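Taking it in order: structure first as structure tokens, then the write-up.
Nothing in this text is a laboratory measurement; each read-out follows from the coordinates by a stated rule. Quick caveat, the model's predicted, so the values are computed rather than measured. Backbone-built Cβ (ideal geometry, glycine too); neighbour counts: all protein chains shown.
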Amino acid sequence: MEGEAPQRGAAAMAACYQRFDPAAYLQYNYTPPRADFQRGDSIVPWKLGCLHRAFRDGDVSGDLLVDVGSGPTLYQVLSACELFNKVILTDFLEVNRKELKLWLQDDGGCKLDWTPYLQHVCALEGRRPSEWTQKAARLRQVVTDILPIDVHRPQPLAHDALPSAGADCLVSSFCLEAASPDLASFSRALGHIGGLLRPGGHLLLIGALEESYYFGGPGVRIPVVPVNEAQVCDSLKQNGFTLIRLEVYTLPQAMRVGVDDVTGVFFAKARKN
Ligand code: U87
């Protein structure tokens, strides 16, 4: 039973992740149709729009931002990097941290070209798409670390990884539900990452709605805990967050491409009490 051995489910999840394939994962989720900057209803532009608006509101500020469960992706910090002087990326898997380091070192070998993403976010910010090289340079300058993390530990990062006050802002996209065997584990993990944030700091949480699995590579079926909007809101409240804004995206048929069974995506902006 959950409660008696919360470790067991988490260990089974960790085992599933050993065959995660960053190149295939990027191909499934971060190329068209899911990342089609020409169409209005594509999922990646929707996520980038939410993140852009969350930072444009003007209430999010500080020095240090931590992205929890970055995976092999950078899109989730393309708006944030203009506001924060330090950005820490984190992931459970070394293959993903390696992929991020490849981009940071700018020596080639990346499995995905982030240029259209950089151009799109520049356009959202009212800059010329050609300014993407400046944004890339800014991101390379502010990412100070790429660290291992485990959201199932009460202290998800190494004890000295953050200043004692905690981070000023957390971003986490599609991590908690994809790392947790059940709702109790999801909610505990949210509490654990909340511990990384200073009181009054902001959390931008993106996740899948009602998803039960996704493919992390060919034949690599990873179970996901299905969550709904009400459960996400409850879990935020129970873990000491005040919800500021919740946006929901329903996947059009064209985005259901056989790599998961997700039906929607939520974007929550919340403040730690
Ligand atoms: C992203 N943030 O793509 N502790 O947004 C910490 C862990 C643990 C653990 C595993 C999920 C896939 C979501 C990145 C990566 C997110 N990864 C790490 C996927 C599922 C819906 C959907 C998806 C993606 C693990 C895009 C779109 C949709 C991965 C990360 C989860 N289906 N982190 N204990 N266990 N992880 O290494 O990098 O979580 Cl559009 Cl709809």
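For this structure, a couple of remarks:
- Footprinting exposure proxy for R256, R198 (fewest neighbouring C-beta atoms within 10 Å first): R256, R198
- Put a dot 7 Å past the Cα of N85, heading toward its Cβ, do the same for D106, and the two dots end up 2.1 nm apart.
- Expected 222 nm ellipticity per residue - DSSP helices of 4 or more, -39500 (n - 2.57), all of the chain, to 500: -10000 deg cm²/dmol
- Centre-to-centre, using Cα atoms only, the range 233-249 and the range 61-95 are separated by 21 Å.
- Local electrostatic count at F241 - Lys and Arg +1, Asp and Glu -1, tallied over other residues with Cβ under 9 Å: +3
- Residues V68, V87, V225, ranked from the fewest to the most other C-beta atoms within 10 Å, line up as V225, V87, V68.
- Charges were assigned to the Cβ only: +1 to each Lys and Arg, -1 to each Asp and Glu. The resulting dipole of the range 4-272 about its Cα centre is roughly 300 debye.
- Taking the DSSP beta bridges with both ends in the range 4-272, the antiparallel portion is around 50 percent.
- For the range 124-201, the set of trypsin sites (Lys or Arg not before Pro) satisfying both a DSSP loop assignment and a count of at most 13 other C-beta atoms within 10 Å is empty.
- D182, D91 arranged by Cβ crowding within 10 Å, fewest neighbours leading: D182, D91
- Entry note, the range 149-273: relative contact order of 28 percent, from Cα contacts under 8 Å with a spacing of 6+ residues.
- For the chain, the residue among G219, P181, G264 whose Cα projects farthest onto the positive side of the dipole built from Cβ charges is G264.
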